[in-house]
Amino acid sequence: MTNTSLPPFLMTSVPKSGTHMLHQILNGIPGISMDIKNGKKKFFFDTITQKPEFFLELYRDHHLRLTELKANEFGLGHVFYTKEYADILQSLQMKHIFLYRDPRDVLVSLAYFIGKNWSEHPLHTLFNSPEMTVKLKLITLLYGTPRWPDFQTYMSRFYRWLEDEDTLHVCFEDLIRNEEDRKETLSRIVNYLYGDLVSLVSKEEMLEYMIGNINPQSSATFRSGKIGSWHNEFDGMIKQIFKEKAGDLLIRSGYEHDYNW
C-alpha cells in the first residue's frame, strides 16, 4: 500500500535507558517529529503511591492525548506496564516501541542522576549530602526508603513490557554496541513502524538519517551512555545486595541466566 504518512505511535522506556537517544533516532526519520518540550506529547505513568482514583484519571488523560497525536507524530515517556494500558494501545491500534537497558547500568545511572538533575525526586536532597557516596546511593536505591520503593519493585513495572507481544522491544546495548547491531535494530524499528507502507525515502537512506540525528551531548540527562559501567561501581558487597534484591529482574530481562555473575 502506498502512503507517505505514518500513523502516530508511542515510544516508552525504562528510565535512564537512552530515552533521548532513541528520541533523536526516531526524529531522524524523514517527516517524523516529536517536540520533546511539548508536554501534551509526553506520557508518564511511573508512580505507585497514589490512590485508585488517580490512576483512573491518568488512564483517561493518556487515552485522550494519545488520540490527539497526529500522523507522523509520536508520544514519548516512561510508562508502567498494566493490562489496562496495553488495552488502551490495542484499542487505538497504536504501535508501541519499548526501550530497555541492563538494570545494573540503570541503577548506576539513576544513582548519579537523582542528585544532579532530578530535583523533584524524594531522595534528591539526601543524595546531595556530603556523606552520600555513590556506594551508599546504590544501596539506598536497592533497599528503598519509606519515601521511595526498592529498585526491583519500582523498575520491574517498566520491564514487564517485555512480556507484551504487541510491543517492539529495543535493547539499548544493541543501539551502541557496534554498527552492525545498531543497523539491524534500526531496521527492525523501521519494519515495525512502516509494515507495508511506502516511506518517503529508501530504507537505506532512512537508516542514515536516523543515525545521523544522534547527538548525545544535546541531552541534558546524558551522562556516559556506556555498556557495563556498573563494573566500575559494583564491589562485592553491591553485587551481593543486587543479587538478593534485584537478581530476579536481571534474569527476567535477559541480561543474566542465573545468579553466577
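The values are calculated or read from the model by the stated rules, or taken from the named source; none is laboratory data. What you see is a predicted model; the values in this text were computed from it and never measured. Neighbour counts run over all protein chains shown; Cβ positions are idealised from the backbone, glycine included. Ligands, DNA and RNA are excluded from the accessible area calculation, which covers all protein heavy atoms including side chains. Shrake-Rupley method; radii C 1.70, N 1.55, O 1.52, S 1.80 Å.
Quote the convex hull volume per residue of the chain, based on C-alpha atoms, as a whole number of Å³.
Cα-based convex hull of the chain, divided per residue, equals 134 Å³.
Could you check the simple spin-label distance between residue 116 and residue 129, using points 7 Å along Cα→Cβ, in nm with one decimal?
Those two pseudo-labels are separated by 2.2 nm.
List the residues, sorted by chain then number, that are 5 or more residues from residue 75 or on another chain and whose placed amide H is less than 5 Å from its amide H.
When sequence neighbours closer than 5 places are left aside, the close amide H contacts are 9, 10, 11.
What ³J(HN,Hα) values, in whole Hz, does the Karplus curve 6.51 cos²θ - 1.76 cosθ + 1.60 give for the stretch 17-30 when θ = phi - 60°, with x put for Gly and Pro?
10, x, 4, 5, 5, 5, 4, 5, 4, 5, 5, x, 5, x
Apply the Karplus curve 6.51 cos²θ - 1.76 cosθ + 1.60, θ = phi - 60°, to the phi angles in the stretch 76-90 and return the couplings in whole Hz, x for Gly and Pro.
Rounded to whole hertz, the list is 9, x, 10, 10, 4, 6, 9, 4, 4, 6, 4, 5, 4, 4, 5.
Tell me the label-point distance for the pair residue 40, residue 213, using the 7 Å Cα-to-Cβ offset, in nm and rounded to one decimal.
2.0
For residue 70, give me every one of the lysines with a C-alpha distance below 29 angstrom, ignoring sequence neighbours fewer than eight places off in its own chain.
Output for residue 70: 16, 37, 40, 41, 42, 83, 95, 183, 203.
Going through the stretch 137-169, which trypsin sites (Lys or Arg not before Pro) have at most 16 other Cβ atoms within 10 Å and a DSSP loop state?
147
Can you give the calculated 222 nm mean residue ellipticity of the chain, where each DSSP H run of n ≥ 4 adds -39,500 (n - 2.57) and the sum is split over every residue, rounded to the nearest 500 deg cm²/dmol?
Dividing the helical sum by the residues of the chain leaves -13500 deg cm²/dmol.
If you roll a 1.4 Å probe over the heavy atoms of the protein chains, what accessible area per residue do you get for the chain, in Å²? Don't skip to the answer; put the middle values down first.
Working: 12980 Å² over 261 residues.
With the other protein chains kept in place, the chain gives 50 Å² per residue.
Could you order 159, 143 by accessible surface area, starting with the largest, using a probe radius of 1.4 Å?
Largest to smallest exposure gives the sequence 143, 159.
Which GluC sites (Glu not before Pro) in the stretch 149-190 sit in a loop by DSSP (not H, G, I, E or B) and have at most 12 other Cβ atoms within 10 Å of their own Cβ?
Counting only loop positions with at most 12 other Cβ atoms within 10 Å, the GluC sites (Glu not before Pro) in the stretch 149-190 are 165.
Ordering 166, 150, 248 by accessible area with a probe of 1.4 Å, largest first, what comes out?
Final ranking, largest accessible area leading: 166, 248, 150.
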